[in-house]
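Below is one structure, written out as structure tokens, with a few remarks after it.
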Amino acid sequence: MNSLRSTLTAPLRAFFELKLLGVLLAANLGLALIQSVPVLLPALGRFGHSLSGRGQPFPSPEVVIDFTRLLSQGGGPFLAGPFLLGFLLSFALQLVLAGGIVSRLCSPGRFSLAGFAHDCASQLGRNLRLLGWALLGLLPVVGLVVLATVLFSRAEKPTLFTLDAEHWGLENPFTFWSLAHLALVVVLFALWRSSFDLARVQLYADDQRKTRLAAWRALKQMVRSPGALLGYIAVGLLGLGVVLAFARLHAAVQVTSTWKAWLALGVAQVVVAARLGFSLATTAVTVDVYRAMAAPKANAAEPTPAPAVTQTIQPEERLIGDDAGRS
């Protein structure tokens, strides 16, 4: 596997999936609307007929002050409820869409909404079982991070997780040891996440039903492929940088009128689209890792042709890049 080429081409492949990105963006926008309903309805009921904002820039200071007072009266349940609801719905949405996303990135055919929905439903059970193994595999990763943090602290070496607020404000927190610890944390969590993504690809491409076996094979493959792991990390960090840049652009939009509020909403969708695109790109990297895994097996499975009288017809195996998931 050419790790450098995969790192460069994975984002391009992901962002060329315009229909898939459109479906994911619509799903996330719908989720955001559902999440905001518990906040919007009381706010509209409270301020929909208020005179405090008439003739003032949007949002007016008067409305902001009134809204702050409303939050102070019952801010805990008012904000915690939508936040918890949004977190649970977002987590569930990612699980539901995972099978369709993997099938689309594995299949060279045209995007089909019906096929995408079918793959989402057919792979949901396996992805749920795989999630259990992934959460179990997260425990040793967290343990290693905690152990490394404790060892750094006992050696009196600073880490970004143990510095106090005063140090962050008055001194440079980025030293050799703090960056080394941060790099270790990034590598460990990238190893866990990439193994999880690769296992989902195996479940689809191999029609694998034993999720424990898929999770173990994926972990071993990522450990044996440091170049692929570094490429996965590079794509993830690039995506993080792009999302932060767009988020900074979104923060620069001053909402002083209604049309600028719509502009801010549009820029926010660009931020979400960038996040979704690079999330697809990291999965595309693991698709390339799977192809590198499957290539030697495919070559070894081509024996010398036997005499016609001894040949038997074998069931056609499901290979990545076939018609699975097409319309």
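Of all positions in segment 153-161, at least one carries a residue that is modelled with pLDDT under 90 and among the β-branched types (Val, Ile, Thr).
May I ask you to say which residue of ASP197, ASP206 is touching a helix residue (DSSP H, G or I) at 6+ places or on another chain (Cβ under 9 Å), under 30 Å from VAL96 (Cβ atoms) and modelled with pLDDT under 90? If you could, list the steps in order and put the result at the bottom.
Values: ASP197 fails: modelled with pLDDT under 90.
Matching residue, one of ASP197, ASP206: ASP206.
Residue check: is ALA215 modelled with pLDDT under 95, closer than 25 Å to LEU138 by Cα and either among the aliphatic types (A, V, I, L, M) or in contact with a Leu (Cβ under 9 Å, 6 or more places away or on another chain) (or both)? The answer is yes for ALA215.
Selection of segment 193-235 for residues being on the phi < 0 side of the Ramachandran plot and either outside any helix (DSSP H, G or I) or in contact with a Gly (Cβ under 6 Å, 6 or more places away or on another chain) (or both) yields ASP206, GLN208, ARG209, LYS210, SER225. If the condition is being assigned to a helix (DSSP H, G or I) and out of contact with any helix residue (DSSP H, G or I) (no Cβ under 8 Å at 6 or more places or on another chain), then segment 93-117 contributes GLN94, ALA114.
Quick grid of which residues meet (1) in contact with a Lys or Arg (Cβ under 9 Å, 6 or more places away or on another chain); (2) over 24 Å from GLN123 (Cα atoms):
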residue: GLN202; (1), (2): yes, no
residue: ALA205; (1), (2): yes, no
residue: TRP216; (1), (2): no, no
residue: VAL223; (1), (2): no, yes
residue: ALA228; (1), (2): no, yes
residue: ALA234; (1), (2): no, yes
residue: ALA245; (1), (2): no, yes
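The values are calculated or read from the model by the stated rules, or taken from the named source; none is laboratory data. Quick caveat: nothing in here was measured; it's all calculated off a predicted structure. Cβ coordinates were reconstructed from backbone atoms using ideal geometry, including for glycine residues, and neighbour counts include every protein chain displayed.
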